[in-house]
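Remarks on the structure that follows.
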Amino acid sequence: MPRAFITGVAGQDGSYLADDLVASGWEVHGLVRAGDDLSHVSPQVVVHTGDLTDGAATRALVMELAPEHIYNLAGVSSVARSWEQPVETARASGVAAVELMYAARDLRDSSGLDVRFVQASSSEIFGEPAESPQTERTPVRPTNPYGAAKAFAHLSAAVVRSQGLHCSSAILFNHESPRRPTTFVSRKICAAVARIARGSSEILELGNLDARRDWGWAPDHVRALRLMASAPTAADVVVATGVAHSVRDLVVAAFAHVGVDDWQAHVRVDDALVRVTDAAAVVGDPSFAEDHLGWRATTSFEELVVHMVDGELGLIDA
Ligand code: GDP
């Protein structure tokens, strides 16, 4: 049975990736932090509790497990938190990723195993993007601590690749699901819309309604990570739908799904939620993903919103 190791297995992406690998007959090991909510983690995953920033401990675990595939999905997951904890972000999303890459390379060298490494990078490495849509060649110039840490790991993936490791970096654009934390705008909106549909009189307070993002369906994006590990050659790959929508579009689609037309009556813009630095238009060009991996997103924006609102209604009605 082939073996995979996923850091951040308790998160949205890690839990979907583990589901996918388990269903395909993989033995899956995952790293979690003490206190992580494991409710989405398949019971078939072997869970290891540890701190990713303890590089020696993580390296020892990699050497002991000797996995064929290593997926690094752990790290500080939100831009907002990265402003509050920039150094912690650099350690967890930057340095720890590089330590894991070199552990993978050393495992390959010492065992002869064809180790495959996939780094979860982010469209945040582009900051306020120099061009649109963004490709694998768009200049990397992040504008927040999260993007800077991800950029360091992303650039390091190419360096380790040049040293012979099959090491790919997935430049993941926004990807959502009912497993998204409510700190992200998609889940925040869909959760509030579901409560309002069930009679809540709350007002949904949001920041910039004109910000545009390339929102994909997390299970689709996670499938790209697996394809990257299995591809004959390692590469940097933009994982995106290629279609951008505004926060307002998301609000309108979510309210429309529950039959509420006067969405303005339920929404207020709170200037405190408008970010000082925030890329206005983020949209990826998925053509290399299609050429290199045969991957394309299968779930439209409208379907994504329906899945998420229905997920919230299901939680309320349960
Ligand atoms: P991000 O793109 O990874 O930071 O994902 P988010 O879901 O947190 O934010 C997506 C976009 O929605 C950004 O442009 C935010 O500025 C915008 N946005 C507007 N209102 C809100 C809000 O109330 N919460 C969040 N998280 N984002 C908001």
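The values are calculated or read from the model by the stated rules, or taken from the named source; none is laboratory data. Not measured: the values here are computed from a predicted model. Because the Cβ atoms are built from the backbone with ideal geometry, glycine has one as well, and the counts that use them run over all protein chains shown. Ligands, DNA and RNA are excluded from the accessible area calculation, which covers all protein heavy atoms including side chains. Shrake-Rupley method; radii C 1.70, N 1.55, O 1.52, S 1.80 Å.
Among the candidates A256, A265, single out the residue that is loosely packed, with under 13 Cβ neighbours inside 10 Å and free of Cβ contacts under 8 Å to residues at least 40 places away in the same chain. Walk me through it before giving the result.
Numbers: A256 fails: loosely packed, with under 13 Cβ neighbours inside 10 Å.
Exactly one residue qualifies, and that residue is A265.
Remark: pairs (first residue in the range 38-66, free of Cβ contacts under 8 Å to residues at least 60 places away in the same chain; second residue surrounded by fewer than 17 Cβ atoms within 10 Å (Cβ to Cβ) and polar (S, T, N, Q); Cβ separation under 9 Å; 6+ apart in sequence or on different chains) = M63/S110; M63/S111. Just one of the numbered conditions (1) in contact with a strand residue (DSSP E or B) (Cβ under 8 Å, 6 or more places away or on another chain); (2) of a type outside the set (D, E); (3) buried (at least 19 other Cβ atoms within 10 Å of the Cβ) is not true of L273: (3).
Condition test on E176, is it among the acidic types (D, E) and surrounded by fewer than 23 Cβ atoms within 10 Å (Cβ to Cβ)?
Numbers: among the acidic types (D, E): yes; surrounded by fewer than 23 Cβ atoms within 10 Å (Cβ to Cβ): no.
Taking the combined requirement at face value, the residue does not satisfy it.
The set of residues from the range 176-210 being of a type in the set (S, T, Y) and more than 11 Å from the ligand (Cβ to nearest atom) comprises S177, S200, S201. Just one of the numbered conditions (1) within 24 Å of A192 (Cα to Cα); (2) not in a strand (DSSP E or B); (3) not acidic (D, E) is not true of R268; which one? R268 satisfies all of (1) within 24 Å of A192 (Cα to Cα); (2) not in a strand (DSSP E or B); (3) not acidic (D, E) except (2).
Looking for whichever is of a type in the set (G, A, S), more than 12 Å from the ligand (Cβ to nearest atom), touching a residue at least 60 places away in the same chain (Cβ under 8 Å) and open to solvent by less than 30 Å² (accessible area, probe 1.4 Å) here; the options are A289, A279. Which one fits? It is A289.
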